[in-house]
Amino acid sequence: MIRTFKQAACCTAAVFLMGMTAHAEMVSNPEYENWSRFKPGAMSKLEANSVANGQTMKSVMTNKLLEVTPEKAVVESSAVMEMMGQTMQGPSMKREVPAKIDQNQLPKTPTGETADPKTSKTEETVTAAGKEYKCKVTETVHENNGTKAIAKAWMCDEVPGGLVKSEIKTTGQMESTTNMMLVETSKGG
């Protein structure tokens with residue numbers, strides 16, 4: 001009986017350790033890979049215009065690279081929003097972007113309760129902030145509980161943070177649109 005208990009304990013420990021090993025597989029973080037191409041001071045400024053339920057909002061978001069090491073990048077983000085005649089400055093927030101992440105932390109396309117979204121990938125040239133950028137375009141269509149969302153993002157490695165343009169439109173129970181465009185960028189130094 002004791003021998004059976006020890007065997008079961010060893011098997012349980014082995015399964016647990018194998019699970020930890022599989023969970024701990026570290027891979028390159030795509031966000032870090034983008035930021036690590038630039039020098040501290042690199043930044044991107046994006047302007048977003050949103051309409052939801054008849055209300056409009058404009059916001060300007062700035063992401064600035066503060067530090068890059070082989071282990072991480074430190075990025076400071078801030079936002080200014082205009083809504084109903086009021087301007088609000090959000091607090092600046094610093095965050096660390098690790099060079100390696102658990103493979104389970106890689107960005108995933110959201111899934112709905114009933115079906116996976118449909119995703120397509122193409123390439124397109126976009127003019128933003130006075131320059132043309134060759135972008136990888138990802139479009140995702142997601143339907144859930146009477147709401148359909150179409151999200152499209154234009155990404156380019158030449159831009160700190162990667163985002164050049166995005167469009168999000170929801171229809172059905174909730175109607176909204178958000179369009180975002182790169183308005184300023186610098187490579188730091």
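Go through the stretch 140-165 and report how many residues are in a strand (DSSP E or B) and not basic (K, R).
First pass over the stretch 140-165, keeping only residues in a strand (DSSP E or B): 140-144, 147-155, 163-165.
Among the residues that remain, those that are also not basic (K, R) are: 140-144, 147, 149-151, 153-155, 163-164.
Result for the stretch 140-165: 14.
Tallying residues that are exposed (fewer than 15 other Cβ atoms within 10 Å of the Cβ) and in a strand (DSSP E or B) within the stretch 116-139 yields 12. A residue that is modelled with pLDDT under 95 and not in a strand (DSSP E or B) can be found somewhere in the stretch 70-84.
The criterion of being modelled with pLDDT of 95 or more and more than 18 Å from S50 (Cα to Cα) holds for K131.
Would you say T56 is within 26 Å of T170 (Cβ to Cβ), at pLDDT below 95, of a type in the set (V, I, T) and out of contact with any Pro (no Cβ under 8 Å at 6 or more places or on another chain)?
Details: within 26 Å of T170 (Cβ to Cβ): yes; at pLDDT below 95: yes; of a type in the set (V, I, T): yes; out of contact with any Pro (no Cβ under 8 Å at 6 or more places or on another chain): yes.
In short, yes.
P107 meets all of the listed conditions (1) in a strand (DSSP E or B); (2) open to solvent by 100 Å² or more (accessible area, probe 1.4 Å); (3) at pLDDT below 95 but one, namely (1).
Scanning the stretch 168-182 for residues that are touching a residue at least 40 places away in the same chain (Cβ under 8 Å) and open to solvent by less than 50 Å² (accessible area, probe 1.4 Å) gives S176, T177, T178, M180, L182. The residues listed here are N49, N63; of these, the one that is crowded, with 18+ Cβ neighbours inside 10 Å and of a type in the set (S, T, N, Q) is N63.
State yes or no: is E123 at pLDDT 95 or above and within 16 Å of L46 (Cα to Cα)? No.
Across the stretch 85-95, which residue is most open to solvent (accessible area, probe 1.4 Å) among those that are outside any loop (DSSP other than H, G, I, E, B) and in contact with a strand residue (DSSP E or B) (Cβ under 8 Å, 6 or more places away or on another chain)?
The initial filter retains those residues of the stretch 85-95 that are outside any loop (DSSP other than H, G, I, E, B), namely 86-89, 93-95.
Remaining after also requiring in contact with a strand residue (DSSP E or B) (Cβ under 8 Å, 6 or more places away or on another chain): 87-89, 93-95.
Values: T87: 95, M88: 88, Q89: 124, M93: 124, K94: 145, R95: 100 Å².
My answer is K94.
Going by the conditions given, is T127 of a type outside the set (D, E, K, R) and within 14 Å of the chain's Cα centre (by Cα)? Criteria not met by T127. The residue that is farthest from the chain's Cα centre (by Cα), counting only those in the stretch 24-53 that are hydroxyl-bearing (S, T, Y), at pLDDT 95 or above and part of a strand (DSSP E or B), is S50.
The values are calculated or read from the model by the stated rules, or taken from the named source; none is laboratory data. Only a predicted model underlies this, so the values are computations on that prediction, with no experimental measurement involved. Note: ideal-geometry Cβ built from the backbone for every residue, glycine included; neighbour counts use all protein chains shown. Only protein heavy atoms, including side chains, enter the accessible area calculation; ligands, DNA and RNA are left aside. Shrake-Rupley method; radii C 1.70, N 1.55, O 1.52, S 1.80 Å.
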